[in-house]
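Colleague: Following this message is one structure expressed as structure tokens.
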Amino acid sequence: MRLFLKRTRYFFSKDNLIIVFQKFFLALGILWLILEFSAFFFPNFIVRNSSFFYLAILISAVWAIALSFPPIAYIKESSSSNLKIEVKLGDIFSESSDIAFGTSDYFDSEYPSIISEHCLKAQFIKRFYDGNHAFLDKEIEASLKEQNIKGTMDKTKAFGKHLRYPIGTVAVVPFNNRKAFLSVFSEMKPDKVTNISRKSIWESLCKLWDAVRRNRALHSIAIPVWGAGFGLAPANRVSLIQLILTSFIMANKEQTVSQKLIIMIYEKDYHPREMMKIKKLIDTTNF
């Protein structure tokens with residue numbers, strides 16, 4: 001109910017109502033032109049007092065409202081590439097797909113002393129490892145060893161793990177007949193705050209898609225908006241989603257990564273105006 005009220009308030013905002021009326025009169029003008037043109041050739045069938053004109057007003061109103069009311073999910077499929085892009089609200093762990101989320105360069109997993117208990121990694125540990133971060137640590141170590149990836153020892157770090165891995169390193173962890181891709185996209189600073197940039201996000205995304213391709217992921221991959229939460233990236237959510245979209249589309253043009261990309265947004269982070277911008281971004285993206 002709270003989400004619906006938030007969307008409704010935005011719909012009746014002054015700026016959005018202007019867009020609603022613009023779309024309404026655009027649709028009405030097109031339909032009216034079609035009806036007038038048809039009435040010229042079929043005067044006995046379409047007359048000026050005909051219900052067709054009232055129907056045109058109704059259709060225009062419904063069309064304008066449907067396009068202007070902020071959605072909670074939006075999906076677009078390309079007929080040329082067979083790719084699907086979806087942005088939706090919800091819980092990433094409830095998706096029946098492989099998932100990908102970011103981590104710091106030490107793969108620290110101990111919460112709440114090092115990482116927040118509200119971050120995705122902590123939630124992942126709680127849900128699939130009974131809250132025992134040591135179980136996840138073993139899976140990460142096994143994945144890195146299998147890939148022959150070695151970290152650099154950092155003895156100056158006063159907490160957590162001491163092996164540091166470069167941006168873009170990906171650990172692949174199995175869970176519930178799916179895979180979780182943990183990609184290094186930030187650096188852990190001495191004050192336990194992560195340092196993240198658009199450059200590190202882009203680099204980690206490009207290497208993530210390589211890892212997804214190598215591991216033959218399921219037909220879909222779900223990913224949160226990297227850097228929008230605890231990552232504190234210096235960019236807004238729409239710009240971050242644009243990075244994700246661009247990197248995924250470019251990777252698929254080289255070689256198929258996955259048939260569907262699902263970008264997840266937490267309900268608490270939902271903003272109607274932002275969602276309308278995201279919808280427009282997807283509509284104008286060629287894939």
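No lab work stands behind these numbers, since they all come straight from the coordinates. Worth saying up front: this structure is predicted, and the values here are computed from it rather than measured. Using ideal geometry, Cβ is built from the backbone for each residue, glycine included, and neighbour counts are taken over all protein chains shown.
Colleague: Taking θ as phi - 60°, what are the ³J(HN,Hα) couplings along region 99-113 by the Karplus curve (6.51, -1.76, 1.60), each to the nearest whole Hz, with x for Gly and Pro?
Modeller: Values per residue, Gly and Pro as x: 10, 9, 8, x, 8, 7, 6, 9, 6, 4, 9, 6, 10, x, 5 Hz.
Colleague: Could you calculate the FRET efficiency of residue 191 with residue 57 from 1/(1 + (r/R0)^6), where r is the beta carbon distance between them and R0 is 45 Å, rounded to 0.05? Kindly include the intermediate steps, with their values, before the conclusion.
Modeller: Details: r = 61 Å, r/R0 = 1.36.
Taking R0 as 45 Å, the efficiency between residue 191 and residue 57 is 0.15.
Colleague: If you line up the long axis of helix 133-146 against the longest principal axis of the chain, both from Cα atoms, how many degrees apart are they, to the nearest 10?
Modeller: Value to nearest ten degrees: 90.
Colleague: What's the angle, to the nearest 10 degrees (0 to 90), between helix 2-11's Cα axis and the longest principal axis of the chain?
Modeller: Approximately 50 degrees, to the nearest 10.
Colleague: Here is a further query. In nm², what is the average projected area of the convex hull enclosing the Cα atoms of the chain? Don't skip to the answer; put the middle values down first.
Modeller: On the way: hull surface 76.3 nm².
Value for the chain: 19.1 nm².
Colleague: Work out the length of the dipole vector of region 59-127 about its Cα centre, built from +1 on the beta-carbon of each Lys and Arg and -1 on the beta-carbon of each Asp and Glu, and round it to the nearest 20 debye.
Modeller: Values: 6 positive and 9 negative charges, 60 e Å.
Here the size comes out at about 280 debye.
Colleague: Taking only Cα atoms, what is the 0 to 90° angle, nearest 10, from helix 237-254's long axis to the longest principal axis of the chain?
Modeller: Once rounded, the angle reads 80 degrees.
Colleague: Okay, moving on. Taking H placed 1.01 Å from N in the peptide plane, check which residues at least 5 places from residue 195 or on another chain put their amide H under 5 Å from its amide H.
Modeller: Amide H to amide H, under 5 Å and 5 or more residues apart or across chains, residue 195 pairs with 187, 188, 189.
Colleague: So if R0 is 25 Å, what FRET efficiency would residue 138 and residue 254 give, r being the distance between their Cβ atoms, rounded to the nearest 0.05?
Modeller: Details: r = 33 Å, r/R0 = 1.33.
Computed FRET efficiency for residue 138 and residue 254: 0.15.
Colleague: Per the Cauchy relation, a quarter of the hull surface: what is the mean projected area of the convex hull of the alpha carbons in region 43-146, in nm²? Each step should come with its number before you reach the end.
Modeller: Details: hull surface 50.8 nm².
For region 43-146, the mean projected area of the Cα convex hull comes to 12.7 nm².
Colleague: Label-point separation (nm) for residue 154 and residue 117, each offset 7 Å from Cα along Cα-to-Cβ?
Modeller: 2.5
Colleague: For the chain, modelled as a Gaussian network with Cα springs under 10 Å, which listed residue fluctuates most, 120, 67, 58?
Modeller: With Cα springs under 10 Å in the chain, the top fluctuation among 120, 67, 58 is at 58.
Colleague: If you build a Gaussian network model of the chain, linking Cα atoms that sit under 10 Å apart, which residue out of 55, 240, 163 swings the most?
Modeller: Maximum among the listed residues: 55.
Colleague: Between residue 11 and residue 81, what's the calculated FRET efficiency when r is the beta-carbon distance and R0 is 30 Å? Round to 0.05. Display every interim value, and only then the final one.
Modeller: Details: r = 33 Å, r/R0 = 1.10.
Step by step, r from the Cβ atoms, then E = 0.35.
Colleague: For the chain, modelled as a GNM with alpha-carbon contacts under 10 angstrom, which of 11, 175, 41 fluctuates the most?
Modeller: Judging by the Gaussian network model, the answer is 41.
Colleague: In whole angstrom, how long is each semi-axis of the equivalent ellipsoid of region 2-68, when you take the square root of 5 times every eigenvalue of its Cα gyration tensor and sort them from largest down?
Modeller: Values: eigenvalues 207, 23, 10 Å².
Three semi-axes, in Å: 32, 11, 7.
Colleague: Considering the Cα trace of region 78-197, what is its radius of gyration and what is Dmax, both in angstroms?
Modeller: Taking only Cα atoms of region 78-197, I get Rg and Dmax of 15.4, 53 Å.
Colleague: Taking amide H atoms as placed 1.01 Å from N in the peptide plane, list the residues 5 or more away in sequence, or in a different chain, whose amide H sits under 5 Å from that of residue 110.
Modeller: Sorted by chain and number, the residues that satisfy this are 115.
Colleague: Among bridges DSSP assigns within the chain, what percent are antiparallel (round to 5)? Present the calculation step by step, with values, prior to reporting the outcome.
Modeller: Working: 15 of 34 bridges.
Expressed as a percentage, antiparallel bridges in the chain total about 45.
Colleague: If you consider only alpha-carbon coordinates, what radius of gyration and Dmax does region 166-287 have, in Å?
Modeller: Reported Rg and Dmax, both Å: 14.5, 42.
Colleague: Considering region 230-287, what Rg and Dmax in Å follow from its alpha-carbon atoms?
Modeller: 12.5, 36
Colleague: For residue 110 paired with residue 91, estimate the spin-label separation in nm (one decimal), with each label point 7 Å from Cα along the Cα-to-Cβ line.
Modeller: If labels sit at residue 110 and residue 91, their model points lie 2.8 nm apart.
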